[in-house]
Amino acid sequence: MTKSTRTRTTYRCSECGWETAKWVGRCGECQAWGSVAEAASVAPAGRTALAAVTSPAVPIGQVPVEDAAFRSSGIPELDRVLGGGLVPGAAILLAGEPGVGKSTLLLEVAAQTARTRHRTLYVTGEESASQVRLRADRTHAIHDELYLAAETDLGAVLTHIEEVRPTLLVVDSVQTISASGVEGVPGGVTQVREVAAALVRMAKTRNITTVLVGHVTKDGSIAGPRVLEHVVDVVLHFEGDRNSRFRMVRAMKNRFGPVDEVGCFDLSSEGITAVTDPTGLFVEHHSTQVPGTCVAVTMEGRRPLLAEVQALVTPTAAERPRRTTSGVDSSRLSMVLAVLQQHCGIRLHNHDVFVSTVGGAKLVDPASDLAIPVAVAGACFDVAAPAGVVAMGEIGLAGELRRVRDLPQRLAEASRLGFRVAVVPGERGPSKSRSPESWTVDGMRVLDVQDVASALRLLRLTKGD
């Protein structure tokens, strides 16, 4: 050992790569037990020598932007999430549950890119080339500019890139590729870190748009070291219910665009297609007004979506009545029922309450709170809300309604889909310039209310109406 180096002993977590100077039984990053083991390393000592630069520093205004212009992926919904399309040299990580449709989506992106005469290389480490070919036949993704390779060795993948020289590279998945000479098994922390770093370097030096497929853990987070999310430019999460064909892509990180956009897709045996207007999937069209239903306007990123909330209230002799939800947070329902009892006089302590959404929609936006008491009150009194009504507003424990964000966009979407009345939280303060009771947006009447009790009285959903 030379004087310029010294040996130091560190302890590294085999699950997430977290390092510490002393041994501990539980990882301080991922909280896994028994995953921290000794990992000796050699750290350089002394000053770092000067080295030649690859290119001189220039004023930022003189840096050309033509080489980083967006190029459409061929799927408008994916372009929406990416902020405009694929960027040359960008590294994109797409993660999702097994079977959600990641490979199908990326095969379609590869085929669309090949149809624009941009050479594409699809590297599969989880399937054989013939299996991918069968999927390509089913989804009509056959093209001469789309190259396919089944490899699990990093060196072989880099060789394919040198020979094919693609514009778009898809690696499915990064956890199946292994680097020779690096300790660990494929999918381990050290292997994933080295493979990702090598592919990102290739993407930057060769100006290749690279898409890496990533696995997720049982709690839904991206598997592998946290550095994997740091080294890439874009992190996308592909999600959807196994019992539904509807899929959504969310941007968790995006260096080239917004991170509050979502893309909607329909997954079928014929492949995956973009859904530009998904509202119809979450709203049931009734021939007559049905008690126990209400439509809420929720925001998925920057996109307003209408979702129908349905409720069923039945008497019970059980000591503890049931509170069952689907698509709605159960703790949120418990809070709404407490508000109904305390501030609206609706007692449901001897009733079972079931609340669900249509089409598998998941309501996490607080603005969808008001639709729950409207549906529950309608089911309790067997009274239907007026036709063409949407309700939105966050409910406080005092029974008040709080203002919601992006209200103009929500109202415009509801008006476009034919709704004629909207119940929203009332404006407060001396600067209020419009009528305190109602106003109009695109032919839709908007009613301001201050609390849940006022909203139920307005919709004639209280006892005795």
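Across the chain, Cα pairs under 8 Å and at least six residues apart give a relative contact order of 11 percent. The accessible surface of the chain, taken with every protein chain in place and a 1.4 Å probe, is 52 percent carbon and sulfur. Accessible surface calculations at 1.4 Å, restricted to protein heavy atoms, place the chain at 50 Å² per residue.
The label point for Asn207 and the one for Glu126, both projected 7 Å from the Cα toward the Cβ, are 3.2 nm apart.
Solvent-accessible surface (1.4 Å probe) assigned to Ser269 amounts to roughly 80 Å². Among 352-359, 438-445, sorting by the average number of other beta carbon atoms lying within 10 angstrom of each residue, highest first, gives 352-359, 438-445. According to the square roots a ≥ b ≥ c of the eigenvalues of the Cα gyration tensor, what is the shape class of the range 95-150, taking rounded for a/c under 1.5, prolate for a/b larger than b/c otherwise, and oblate for the remainder? Verdict is prolate for the range 95-150. A simple packing score, the average count of other Cβ atoms within 10 Å per residue, orders the peptides 388-396, 21-29, 190-198 as 388-396, 190-198, 21-29, with the highest score first. If R0 equals 25 Å, the separation of the Cβ atoms of Thr54 and Val182 corresponds to a calculated FRET efficiency of about 0.50. The convex hull around the C-alpha trace of the range 148-192, projected and averaged over every direction, spans 3.2 square nanometres. Using a cut-off of 26 Å between Cα atoms, the listed pairs Lys22/Lys218; Lys253/Lys362; Lys102/Lys253 include Lys22/Lys218 as exceeding that distance.
Legend: calculated FRET efficiency, Gln450 to Glu319, from the Cβ-Cβ distance at R0 = 41 Å, rounded to 0.05, equals 0.70.
Classify the chain: rounded, prolate or oblate, from the alpha-carbon gyration tensor (a ≥ b ≥ c, eigenvalue square roots; a/c under 1.5 rounded; otherwise prolate if a/b is larger than b/c)? Judged from the Cα gyration tensor, the chain comes out prolate (a/c at least 1.5, a/b above b/c).
Taken along the Cα-to-beta-carbon direction at a fixed 7 Å, the label points for Thr276 and Ala156 span 4.2 nm.
Considering only Cα atoms, the convex hull volume of the range 131-254 works out to 133 Å³ per residue.
Across every direction, the projection of the convex hull enclosing the Cα atoms of the range 97-189 has a mean area of 6.2 nm². The calculated 222 nm mean residue ellipticity attributable to helices in the chain amounts to -7000 deg cm²/dmol, summing -39500 (n - 2.57) over DSSP H runs of n ≥ 4 and dividing by all residues.
A simple spin-label model places pseudo-atoms 7 Å from Cα toward Cβ; at Thr9 and Gln342 they are separated by 5.7 nm. Here Val259 and Arg402 are evaluated by their C-beta separation; at R0 = 22 Å the FRET efficiency comes out at 0.35.
The values are calculated or read from the model by the stated rules, or taken from the named source; none is laboratory data. Being a predicted model, the structure only gives us computed values, none of them experimental. Using ideal geometry, Cβ is built from the backbone for each residue, glycine included, and neighbour counts are taken over all protein chains shown. Remember, those area values only see protein heavy atoms, side chains included, never the ligands or the DNA or RNA. Shrake-Rupley method; radii C 1.70, N 1.55, O 1.52, S 1.80 Å.
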